[in-house]
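Worksheet: one structure, shown below.
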Amino acid sequence: MGTRRVVCKLTVPVLAILLASACNKGGGEGDSAGAFAPGGVVLEEPSWAQGVAVAYGGEDLDTSVPGSYGYYTEDGDVATVYDADGLPFTFKKGSVKRIVNLWPANTSGILALGAEKFFVAKLGGMTTPWQEAMFPAYAALTAQVGPQAGPANAEALMALEPDLVIGHPSSIANLRGIEYRGKKLPVVNVNFKTYQEMKVTYRVIGKILGGKVEENAEAWGRALQANIDRIAKGLAKTSVRPVVYYSAGGMGGLGSTMPSSQGSVVMNEWTGYAGGKYWPELMRVLRQEDIVDVAGQTGVNMELVLKYPPQKVFIGGGRRAALDAVLADRDGASNPWAGILADLGPDNVKYMPYALFDWGRFGAESVLQILWAAANIHPEVFADPSSPDYIDMRKETKAFYTDFAGYPVTDAEVDAILDGRPPASVGTVYPPAPPVQAPPRRPAR
Amino acid sequence: MVNAVLKVADLGFNYFKGPTIFSGVGFELRAGGVLTILGANGAGKSTLLNCIAGLARPKAGAVYLGGRDSAEMSFREVATFIGYVPQTHNPAYAYPVREYVVMGRTPYIGAFGSPRAGDYAVAEDALARLGVAHIMDKPYTEISGGERQLATIARAIAQEPKILLLDEPTAHLDYGNQMRAIRLIRSLAEEGYAVVLTTHVPDHPLFLGGEVAVFTRDKAVVVGAAEAVLTDELLTSLYGVPVKTVHVDGRRVCYAQ
Amino acid sequence: MRRDMKGSQSGEYAWRLVLLGAAVLTCAVFVLSVSIGIYRVPFGNVVKIVFAEVADALPFGMFPVERSWSSAEGIAVVAIRLPRTLAALLIGSALSVAGAAYQSMFKNPMVSPDILGVSSGATVGAALAILVSANIVWVELGAFAGGVAAVMLTTLIPKLIRNHSIVILVLAGIIVGGLSSSVMSVIRMVADPATTLADITYWTMGSLARVKMREVGAVGPVIVLGVAALLLFRYRLNVLSLGDAEAKSLGVNVGRMRVAVILASTLLTASSVSIAGTIGWVGLVIPHISRMIVGPDNKRMLPLATFTGGIFMMVIDILARTLAATDIPISVLTGIIGTPFFFFILLKQRRSLW
């Protein structure tokens, strides 16, 4: 009786081992990583990505349809504009002077469009160092509003007597429900999920605030389109679309990416416009399954990355410290990324700029973002100063902050922004990011 | 008394800032001696027993085991002297009786050790002496109340103690088993153990003889020979009903009206 | 057969056989875990890679192995699967043994290793470290320190009340657990939702994905020591489960035993939580399973629980990284698998479990 039990117990592991060896016939089917040339030029897509189409972009929204997002009418002094929920926001032109913005991405966006003087409160704890440097008046505001996702402190909001409340998409319903003595908050939902919607968002806000902001908003929309077109012209010269991986940083380390199943698909957008293919989207198309996010982050399955290695790795999120550690960890046995990053080389692994907001997320800096992405994904087209398609990131960055944000940024500051460094580092010797080196290879014996 | 295995001197106890449960209790017990602690429910009998066993710390007085103050002895040393049989045992886990009884050998097993064959032999022997060797392999939860009692006594015996303390040994037994238990206690005393037990049934000390410690109504503890202390008057005042003792077949028994 | 194992002399042979079988199964699952994954590595290469890894660790170049595998295969086995599998084995054993020890000490089979608040305290410690935006090493140290501090607080309360009964200890654990929850709520309120809050939530879910070999190396010896200590005490745990009064009467210094058991269990649980986040259910369910197979006698149950726990966690880890493109958080899996499994066990067992 005892022996029978033992034999039963042993058959399972034996079968398991046989099964394992049977399953593991060949190497990973997605082994190839594509061909590279020096300077970060990608010569060829990997075999598993060739022919796989990744959708991005879309048509401009039609704001002339009554009741649609961005639809604007005026009747003398009184104007009405429709928000993303299809609800009208009526205002007397030029009367909106006090705004409260509970959405960090949007805040940085309209600050960049010159709306600083309208703010009566700042978002608690969410001001980036560059926001403080470029918009000291905003940073100096004493009134604070709470975290964007949680229920806003209704009394505090009411007390500020705002003429316009821009809410975070997740808490718009809460905000609309706040009522005090018959008075409701003037809430608008200016949510966007694509570049096209972002144009409309800024136009709506521009219309409400009027003046310079309206001018800037329209100019911004035109600049975005101009940049998209300019890049498309350059991209016509090459059919290669490198695979681009974006890491949001944080606890998941480099394994933390932004999947397409989340609301924010912006990485897919700028990757697509800049001539690349976004890795999580590729996975979704290839494997017919979503990469699911957990608590706003994703720990991507590392073996998946091994099987389908990306060709460009962009690191955003402004959480550089944690990633410096990962990049510095060259111990191939401990850090699965070490080998992958070493194979890519420093030209293909970049920190993304982070100023008013993470350039990789939605914001006014998106006009710069697609230029930056294009320059880094296709250096063969956009990095040659003698070529007509040349993108001079310094010039573009300087122009953007000076013209739109009204902040005359210096060359040193431009360098800092492009490097993802805070304003405090300008003029000082800042420790550079450790170079991505190959892990020490043990000699084959 | 020479060779007093158990000596209690001037023992007193009260709970933290509470009223005195007992004070000034003292007696001596030799091998083979029996002391019955008698009293109404809640009088403090178990407390006194716990003080003797070292499970509660007395506020005054001392307990001497084989001449040594038990307060200066380690738990392990006390356990080689005293075998404690608790009133109820609610098992959390259904150990087989064999394992349960061999736990009596713990004082002789090191901190990191396990019972060896010799220890199991002692345990089985104890069970056999009590006539319940057949329950050895059954889970503790599957035997009757009387068998559990005997198993616990066997565990105490396995400790090879000099003193046995039993807390209300007849509490959950039926009439017949009560008598068997008392007879067993007498035979254990005859084997040489010094036995202390608590009970609220006056017939028991009358049967066992030896010494008795009575918790009277007025909070005093009267210690003395059972025959002498347990008068009709004392019993009547103790239980609040008229009690007479009569002789039947040469034995003194109680008769309550 | 089962009765034999739980009871008599003849059961002695049978349960040793079961233990041997469990050990063999553990090795087999280990091999399986290192061999399978989304990135396919031929079994022969897996063996060679592991062998080379072990051989490299030896001081002299005694066993030359030819490098016939690709670097990606090496990364998959050595940097991804091996640390996770080892961590799963260690953590599974640690939590099971700690849970079993507590179940004896608290005389209650429904107790989990977190009863004294070590997991909630560790979460607070980690969250505080994340708030300060510390790197991962500090987060893990914070978790460990938080867990130990919470248990120290729990054991302090009985001293303050001057009541050392086991009930007060349990209540103290509830108090400290509640305190930790409140502190966590405050931390969650002040944390930046886009970055820190997401980090905290992610960490709390528990994941073996971020376990590196050096973390295994740091925590491994602690876990091995803790498990060994509790295994040495396995007979005493039987006596302890009789209750304080009876254990004392049998010569056990209950106070010191408790300190030893709490110390060992806390080290085990805090180590596990610090590298992998909070993992529930394992410490509760695995001892039950072991009890069902060999009975409640800790001399037999505890060694079996060590293996069973390791096997369970390794299987969970395999599922976590092969089922989907995302790494499924461990707690999700232990809950989804553990709870119905537990219900199924209760259903099968008609008589009293323990």
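The values are calculated or read from the model by the stated rules, or taken from the named source; none is laboratory data. Just so you know, these numbers come straight off a predicted model, no measurement behind them. All Cβ positions, glycine included, derive from the backbone under ideal geometry; neighbour counts span all protein chains shown. The accessibility values were calculated without ligands, DNA or RNA, using every heavy atom of the protein model including side chains. Shrake-Rupley method; radii C 1.70, N 1.55, O 1.52, S 1.80 Å.
Within the set of pairs 6+ apart or on separate chains, which have a first residue in the stretch A:198-222 that is without any contact (Cβ under 8 Å) to a residue 24 or more places away in the chain, a second that is open to solvent by less than 10 Å² (accessible area, probe 1.4 Å) and of a type in the set (G, A, S), and C-beta atoms under 6 Å apart?
A:E214/A:G206
Tell me yes or no: at least one residue of the stretch C:49-66 is surrounded by fewer than 16 Cβ atoms within 10 Å (Cβ to Cβ), at pLDDT 85 or above and more than 7 Å from every other protein chain (Cβ to nearest Cβ).
Yes, there is a match, as at least one residue in the stretch C:49-66 is surrounded by fewer than 16 Cβ atoms within 10 Å (Cβ to Cβ), at pLDDT 85 or above and more than 7 Å from every other protein chain (Cβ to nearest Cβ).
Going by the conditions given, is C:I75 buried (at least 20 other Cβ atoms within 10 Å of the Cβ), facing chain A (nearest Cβ under 7 Å) and in contact (Cβ under 8 Å) with a residue 40 or more places away in the chain? Walk me through how you get there before you give the answer.
Working: buried (at least 20 other Cβ atoms within 10 Å of the Cβ): yes; facing chain A (nearest Cβ under 7 Å): yes; in contact (Cβ under 8 Å) with a residue 40 or more places away in the chain: no.
When the stated conditions are applied, C:I75 does not pass them.
Report, by residue number, each residue of the stretch A:87-117 that is within 29 Å of the chain's Cα centre (by Cα) and part of a loop (DSSP other than H, G, I, E, B).
Scanning the stretch A:87-117 gives A:L87, A:R98, A:L102, A:W103, A:L113, A:G114, A:A115.
Can you pull out every residue in the stretch B:83-101 that is more than 7 Å from chain C (Cβ to nearest Cβ) and open to solvent by less than 10 Å² (accessible area, probe 1.4 Å)?
If the condition is that a residue be more than 7 Å from chain C (Cβ to nearest Cβ) and open to solvent by less than 10 Å² (accessible area, probe 1.4 Å), then B:G83, B:V85, B:V97, B:Y100, B:V101 are the ones that fit.
Look at the stretch B:164-221 and say how many of its residues are part of a strand (DSSP E or B) and under 21 Å from B:V78 (Cβ atoms). Before you say what the answer is, go through the steps one by one.
Step one: filter the stretch B:164-221 for residues part of a strand (DSSP E or B), giving B:164-167, B:194-199, B:211-215, B:221.
Then keep just the ones that are under 21 Å from B:V78 (Cβ atoms); that gives B:164-167, B:194-198, B:213.
Residues that pass the stated criteria total 10.
In the set C:I286, C:I328, which member is out of contact with any Leu (no Cβ under 6 Å at 6 or more places or on another chain), in contact (Cβ under 8 Å) with a residue 60 or more places away in the chain and not acidic (D, E)? Spell out the reasoning first.
On the way: C:I328 fails: in contact (Cβ under 8 Å) with a residue 60 or more places away in the chain.
Result: C:I286 is the single residue among C:I286, C:I328 that is out of contact with any Leu (no Cβ under 6 Å at 6 or more places or on another chain), in contact (Cβ under 8 Å) with a residue 60 or more places away in the chain and not acidic (D, E).
B:A156 versus (1) in the same structural domain as B:L38 (by TED's automatic domain parsing); (2) hydrophobic (A, V, I, L, M, F, W, C); (3) crowded, with 24+ Cβ neighbours inside 10 Å: which is the lone unmet condition?
Here B:A156 meets the rest and fails (1).
Checking C:G295 against (1) facing another protein chain (nearest Cβ under 9 Å); (2) more than 30 Å from B:A156 (Cβ to Cβ); (3) among the small types (G, A, S), which test does it fail?
(2)
Can you work out which of the residues in the stretch A:57-79 that are outside any loop (DSSP other than H, G, I, E, B) and either hydrophobic (A, V, I, L, M, F, W, C) or open to solvent by less than 30 Å² (accessible area, probe 1.4 Å) (or both) is nearest to A:Y202 (Cα to Cα)?
So the residue we want is A:A79.
State which residue is nearest to C:G309 (Cα to Cα) when the search covers only the stretch C:30-48 and only residues that are more than 7 Å from every other protein chain (Cβ to nearest Cβ) and in contact (Cβ under 8 Å) with a residue 60 or more places away in the chain.
From the stretch C:30-48, those more than 7 Å from every other protein chain (Cβ to nearest Cβ) are C:30, C:33-34, C:44-48; that's our starting set.
Applying the additional criterion that residues be in contact (Cβ under 8 Å) with a residue 60 or more places away in the chain yields C:30, C:33.
Details: C:F30: 13, C:S33: 15 Å.
My answer is C:F30.
Does C:R210 meet the test of being under 17 Å from C:A126 (Cα atoms) and either open to solvent by 40 Å² or more (accessible area, probe 1.4 Å) or in contact (Cβ under 8 Å) with a residue 40 or more places away in the chain (or both)?
On the way: under 17 Å from C:A126 (Cα atoms): yes; either open to solvent by 40 Å² or more (accessible area, probe 1.4 Å) or in contact (Cβ under 8 Å) with a residue 40 or more places away in the chain (or both): yes.
Considered against the rule, which asks whether it is under 17 Å from C:A126 (Cα atoms) and either open to solvent by 40 Å² or more (accessible area, probe 1.4 Å) or in contact (Cβ under 8 Å) with a residue 40 or more places away in the chain (or both), C:R210 comes out as yes.
Listed residues C:V259, C:V254; which is open to solvent by less than 10 Å² (accessible area, probe 1.4 Å) and of a type in the set (V, I, T)?
Testing whether each residue is open to solvent by less than 10 Å² (accessible area, probe 1.4 Å) and of a type in the set (V, I, T) leaves just C:V254.
Identify the single condition in (1) modelled with pLDDT of 60 or more; (2) in contact with a Leu (Cβ under 7 Å, 6 or more places away or on another chain); (3) surrounded by 13 or more Cβ atoms within 10 Å (Cβ to Cβ) that A:A16 does not satisfy, given that it satisfies every other one.
(1)
For C:A126, which of the numbered conditions (1) surrounded by fewer than 24 Cβ atoms within 10 Å (Cβ to Cβ); (2) modelled with pLDDT of 90 or more fails to hold?
Every listed condition holds for C:A126 apart from (1).
Name the residue, out of A:A159, A:A143, A:A137, A:A84, that is within 23 Å of the chain's Cα centre (by Cα) and surrounded by fewer than 22 Cβ atoms within 10 Å (Cβ to Cβ). Before the answer, list the steps.
Working: A:A159 fails: within 23 Å of the chain's Cα centre (by Cα); A:A143 fails: within 23 Å of the chain's Cα centre (by Cα); A:A137 fails: within 23 Å of the chain's Cα centre (by Cα).
Going through A:A159, A:A143, A:A137, A:A84 in turn, just one is within 23 Å of the chain's Cα centre (by Cα) and surrounded by fewer than 22 Cβ atoms within 10 Å (Cβ to Cβ): A:A84.
Scan the stretch A:386-402 for residues that are buried (at least 18 other Cβ atoms within 10 Å of the Cβ) and hydroxyl-bearing (S, T, Y) and jot them down.
Of everything in the stretch A:386-402, those that are buried (at least 18 other Cβ atoms within 10 Å of the Cβ) and hydroxyl-bearing (S, T, Y) turn out to be A:T397, A:Y401.
Check whether at least one residue in the stretch C:300-317 is under 30 Å from B:R105 (Cβ atoms), among the hydrophobic types (A, V, I, L, M, F, W, C) and open to solvent by 20 Å² or more (accessible area, probe 1.4 Å), and report yes or no.
Narrowing the stretch C:300-317 to residues under 30 Å from B:R105 (Cβ atoms): C:300-309.
With the extra rule that they be among the hydrophobic types (A, V, I, L, M, F, W, C), the set shrinks to C:301-302, C:304-305, C:307.
Those left that are additionally open to solvent by 20 Å² or more (accessible area, probe 1.4 Å): C:307.
Yes: the stretch C:300-317 contains one or more residues that are under 30 Å from B:R105 (Cβ atoms), among the hydrophobic types (A, V, I, L, M, F, W, C) and open to solvent by 20 Å² or more (accessible area, probe 1.4 Å).
Kindly indicate whether any position in the stretch B:56-68 is without any contact (Cβ under 8 Å) to a residue 40 or more places away in the chain, assigned to a loop (DSSP other than H, G, I, E, B), more than 21 Å from B:A189 (Cβ to Cβ) and facing chain C (nearest Cβ under 9 Å). Before the answer, list the steps.
Of all residues in the stretch B:56-68, those without any contact (Cβ under 8 Å) to a residue 40 or more places away in the chain come to B:57, B:68.
In the following step, the residues that additionally are assigned to a loop (DSSP other than H, G, I, E, B) were identified as B:57.
After this cut, where a residue has to be more than 21 Å from B:A189 (Cβ to Cβ) as well, the list is B:57.
Right, trim to facing chain C (nearest Cβ under 9 Å) and you get none.
No, the stretch B:56-68 has no match at all.
Identify, please: which residue in the stretch C:220-236 is β-branched (V, I, T) and buried (at least 17 other Cβ atoms within 10 Å of the Cβ) and is, among those, farthest from the chain's Cα centre (by Cα)? Steps first, please.
We begin by selecting, within the stretch C:220-236, every residue β-branched (V, I, T); these are C:222-224, C:227.
Next cut, buried (at least 17 other Cβ atoms within 10 Å of the Cβ) only: C:222-223, C:227.
Values: C:V222: 12, C:I223: 9, C:V227: 10 Å.
Per the stated criteria, the residue is C:V222.
Looking at the stretch B:70-86 only, could you name the residues that are more than 16 Å from B:F27 (Cβ to Cβ) and free of Cβ contacts under 8 Å to residues at least 60 places away in the same chain? Reasoning before the result, please.
Pass one, the stretch B:70-86, residues more than 16 Å from B:F27 (Cβ to Cβ): B:71-81, B:83-86.
The answer is B:A71, B:E72, B:M73, B:S74, B:F75, B:R76, B:E77, B:V78.
Which residue is surrounded by the fewest Cβ atoms within 10 Å (Cβ to Cβ), if the candidates are limited to the stretch C:262-287 and must be of a type in the set (S, T, Y) and part of a helix (DSSP H, G or I)? Before you say what the answer is, go through the steps one by one.
Within the stretch C:262-287, the first condition is being of a type in the set (S, T, Y), and the residues that meet it are C:265-266, C:269, C:271-272, C:274, C:278.
Filter again for part of a helix (DSSP H, G or I), leaving C:265-266, C:269, C:271-272, C:274.
Numbers: C:S265: 28, C:T266: 26, C:T269: 32, C:S271: 28, C:S272: 35, C:S274: 24.
Here the answer is C:S274.
May I ask you to say which residue of A:A35, A:A53, A:A49 is away from chain C (no Cβ under 14 Å), at pLDDT 85 or above and within 30 Å of A:P379 (Cβ to Cβ)?
Values: A:A35 fails: at pLDDT 85 or above; A:A53 fails: at pLDDT 85 or above.
Among A:A35, A:A53, A:A49, only A:A49 is away from chain C (no Cβ under 14 Å), at pLDDT 85 or above and within 30 Å of A:P379 (Cβ to Cβ).
Residues B:I21, B:I52: which one is part of a strand (DSSP E or B) and touching a strand residue (DSSP E or B) at 6+ places or on another chain (Cβ under 7 Å)? Walk me through it before giving the result.
Details: B:I52 fails: part of a strand (DSSP E or B).
Just a single option satisfies the conditions, and that option is B:I21.
So, in the stretch A:332-387, exactly how many residues are within 14 Å of another protein chain (Cβ to nearest Cβ) and assigned to a strand (DSSP E or B)?
2
Scanning for something within 26 Å of C:V285 (Cβ to Cβ), among the charged types (D, E, K, R), crowded, with 17+ Cβ neighbours inside 10 Å and within 12 Å of chain A (Cβ to nearest Cβ), does the stretch C:193-205 turn up at least one residue?
Of the residues in the stretch C:193-205, the ones within 26 Å of C:V285 (Cβ to Cβ) are C:201-205.
Okay, now just the ones that are also among the charged types (D, E, K, R), so none.
No, the conditions are met nowhere in the stretch C:193-205.
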